[in-house]
2 protein chains.
Amino acid sequence: MKIKEIGGEFALIERLSGLVPGTHPEVVQGIGDDAAVVRIAPEPAPFLLVTTDILVEDQHFKRAWASPEQIGIKAAECNVSDIAAMGGTPQWMFISLVLPAGTEVEWIENLYRGICQSCRRHSIALLGGDTTQGAVVTINITLLGSVHPDNLCLRSHARPGDALLVTGPLGASAAALALLTSGHKPPGYLLEKHLTPNCRMDISHFIAPLANAMIDISDGLGAEVHHICAASRVGAEIVASSVPLHDEVRKAGALLGIDPLLWAISGGEDFELLFSISPERVPQLKASGVLCHEVGRVTDRPGAVVLIPSDGIPIPLAGGYDHFQ
Amino acid sequence: MKIKEIGGEFALIERLSGLVPGTHPEVVQGIGDDAAVVRIAPEPAPFLLVTTDILVEDQHFKRAWASPEQIGIKAAECNVSDIAAMGGTPQWMFISLVLPAGTEVEWIENLYRGICQSCRRHSIALLGGDTTQGAVVTINITLLGSVHPDNLCLRSHARPGDALLVTGPLGASAAALALLTSGHKPPGYLLEKHLTPNCRMDISHFIAPLANAMIDISDGLGAEVHHICAASRVGAEIVASSVPLHDEVRKAGALLGIDPLLWAISGGEDFELLFSISPERVPQLKASGVLCHEVGRVTDRPGAVVLIPSDGIPIPLAGGYDHFQ
């Protein structure tokens, strides 16, 4: 049976999780969130956070489109984004590299320069890794961090009645990719969002103490809302007209004849944050100067995840990007 | 410039290490040992250990030669071996998988079963990972563990006068690979050492409190002796006739017309431990029932790493396996 036949990436993860033995008292959160959470000392000591992401040439990046520095920055930022989504602080990074035999040393050094640039931005120490030979450039980053127990935001913490907010406009990376794929040159804003995304560590520390559930938007808004709803056993309504779209995303949509909302919902790699928060806390969050966009709300109907278009008739909210679909 | 031209894998790691920013007070050991060592609470609290290894199809394993369970066991054991080499205990594992689109779900599940078998053996919790699509099966494992500060064995801890010991016969995995590559069927002992190695967690806890430097033998005895000598700024003498070789390794050597000592020194994937220890502590170690083989000694001549053959005239000890040479 192929991965596609069982329902793709998320179904596979579900099946594999079932094979994993037992529970462990020190594990606060295992498989199933942006990062694993481990109690390494009695509370209120911070929890340890661990996330890992693997990027494959031509699947996640193209050497023809991105410089090695850009690939390095993106590889690092997508991991930092996972730590931000837990409400945590990134600390220690490990890199495994698969490199074709003929890879230029300068290319590898510049990849490292990009990774180190992101590490400096977030005060992360790069502590090790592994390097080996293979046909396709592959970059695995493992990032460790910590989170104060009070600030931990799990996917499973959403409550009916919560407002759902996102930290910035969505769909820019997917719009840039669509333009590149169809032979157009993306404008600077879109290209930057696609090639060198900045994860939202800049504001996650303001959000985490107030939010309930949080997740980073790496597979499109649709998939992330579904992840929160499944983990929290709740439903959600997303208001189409409230999903923030940058003007350049709208323009790209007009150029390619695509509804730009599709990029926001089913695209990916925005690395903004989606979070649920009690409505009465939203004013406090906004007063702290954090710019956010309310896109919908959490309901008490598990499994009912709907998009409300401008004509007002709810339709099922599509999931996001799946590597095996 | 290609990786080969600068001197291969270890030269590349050296160059990349130079790009990594600054030092961090909580980092006991960064790049340059089997695992990174981080102080996460004031001593005598245990240090955190982190190791990561990436395995690529046809480079590290062949699906034609190994079952998915065997590949899983080996992938896990080679990481546990790194934790054992630090004197530590493995605790939490994270797996990133790259899978071709057409991979059978049963194959992936059996890979996981192999990994989980190793996890159960060592009481490790599997806490997460990442799964994506790509042309070649690639398995990245990150393993976290802990070590009591008194038991930490760094590569840099060897002292002139130390005895050098290994925990078991060497060269079996390389001998099996040589037989497979040349179309022979390896005998059971060699095949098992190659396909499903057992790392030496069973005895590392007896060795660690007594040893000075320790390293696991993944790239051949030659490379590992060089690593210890470079990190400790010492030299070493290895006595050829003392390097333990299993009868099956000798037989395979006779069959293929290869000196089996070459497999022990320049082969790899033995996952035994090499350690340096004050000679006066060796009796105490042996009294604890640990079977070890003394293969040489540490000298005060940095850079002088020699093999003493049976004719008694020292020759430079060859390095081990390099993925880019």
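Computed from the coordinates by the stated procedures, all read-outs in this text should not be read as laboratory data. All figures in this text were calculated on a predicted structure; none of them were measured in a lab. Positions of Cβ are backbone-derived with ideal geometry, glycine not excepted, and every protein chain shown enters the neighbour counts.
Quick notes on this structure:
- Counting, for every residue in A:111-119, the Cβ atoms of other protein chains within 10 Å of its Cβ and taking the mean gives 2.
- Cross-link partners of B:Lys185 among aspartates and glutamates, defined as those whose alpha carbon lies under 14 angstrom from its own and excluding same-chain residues fewer than eight positions apart: B:Glu248.
- Springs between Cα atoms under 10 Å define the GNM used for chain B, and in it the highest mean-square fluctuation of B:Leu285, B:Leu221, B:Leu127 occurs at B:Leu127.
- Electrostatic tally near A:Ser17: other residues with Cβ closer than 15 Å to its Cβ, Lys and Arg +1, Asp and Glu -1, net -2.
- Within segment A:32-53, backbone nitrogen closer than 18 Å to the virtual label 7 Å beyond the Cα of A:Arg233 toward Cβ: A:32-33
- Within a Gaussian network of chain A (alpha carbon springs, distance under 10 Å), most fluctuating of A:Gly102, A:Gly296, A:Gly145: A:Gly102
- Each residue of segment A:262-270 was assigned a 3J(HN,Hα) from its phi angle through the Karplus expression (A = 6.51, B = -1.76, C = 1.60, θ = phi - 60°), giving 4, 5, 5, 8, 10, x, x, 6, 7 Hz with x at Gly and Pro.
- Using C-alpha pairs below 8 Å separated by at least 6 residues, the relative contact order for chain A is 22 percent.
- Segment A:232-270 and segment A:66-93: distance between their alpha carbon centers, rounded to Å: 23
- Span-like helix check, chain A: no full DSSP H segment qualifies, none having both a Cα axial length of 30 Å or more and a mean Kyte-Doolittle of -1.0 or more.
- P(r) tail fraction, the protein assembly as shown - alpha-carbon pairs more than 31 Å apart, %: 53
- Local electrostatic count, B:Pro169, Cβ distance below 14 Å [Lys/Arg +1, Asp/Glu -1]: -3
- Sum of side-chain charges, A:Pro160 neighbourhood, beta-carbon under 9 Å (Lys, Arg +1; Asp, Glu -1): +1
- Cut-off 18 Å, label 7 Å out along Cα→Cβ of A:Gln59, residues of segment A:76-99 by amide N: A:76, A:78-79, A:95-99
- When only Cα pairs below 8 angstrom with a gap of at least 6 residues are kept, segment B:146-233 shows a relative contact order of 50 percent.
- Each residue of segment B:311-318 is assigned a 3J(HN,Hα), and the resulting list reads 7, x, 8, x, 10, x, 7, 5 Hz, derived from the Karplus form 6.51 cos²θ - 1.76 cosθ + 1.60 (θ = phi - 60°), x at Gly and Pro.
- DSSP loop trypsin sites (Lys or Arg not before Pro) with at most 16 other Cβ within 10 Å: longest gap in chain B: B:64-232
- 7 Å along Cα→Cβ, label-point gaps from B:Leu19 to other copies, nm, shortest first: 3.5
- Values of log10 I(q)/I(0), in the order q = 0.09 Å⁻¹, for segment B:73-222 under a Debye, Cα-only, solvent-free model: -0.35
- Over segment B:24-68 - Rg/Rh using Cα atoms and the Kirkwood inverse-distance radius: 1.27
- Computed across segment B:1-45, the Kirkwood hydrodynamic radius from all distinct Cα-Cα pairs reaches 12.6 Å.
- Entries of A:Lys2/A:Lys251; A:Lys193/B:Lys4; B:Lys4/B:Lys193 with Cα pairs more than 32 Å apart: A:Lys2/A:Lys251; A:Lys193/B:Lys4
- Cut-off 17 Å, label 7 Å out along Cα→Cβ of B:Glu26, residues of segment B:40-59 by amide N: B:40-51
- Built amide H within the under 5 Å cut-off of B:Cys153, gap 5+: B:Gly87
- Largest-first principal axis extents, alpha carbons of segment A:175-268, Å: 41, 27, 20
- Built amide H within the under 5 Å cut-off of A:Gly267, gap 5+: A:Leu221
- Between amide H atoms placed 1.01 Å from N, distances below 5 Å from B:Ala236 occur with B:Thr299, B:Ala304, B:Val305, B:Val306, all of them 5 or more places distant or on a separate chain.
- Within a Gaussian network of chain B (alpha carbon springs, distance under 10 Å), most fluctuating of B:Ile215, B:Ile258, B:Ile238: B:Ile258
- Computed 3J(HN,Hα) for segment B:157-164, one whole-Hz value per residue from the Karplus formula 6.51 cos²θ - 1.76 cosθ + 1.60 where θ = phi - 60°, is 9, 6, 10, x, x, 4, 7, 10, glycine and proline marked x.
- Between copies, the label points of A:Pro42, set 7 Å from Cα on the Cα→Cβ line, lie 1.6 nm apart, reported in increasing order to one decimal in nanometres.
- Scaling against 2.2 N^0.38 Å puts the C-alpha radius of gyration of chain A at 0.98.
- Rg/Rh (Cα only; Kirkwood hydrodynamic radius) as it applies to segment A:218-305: 1.00
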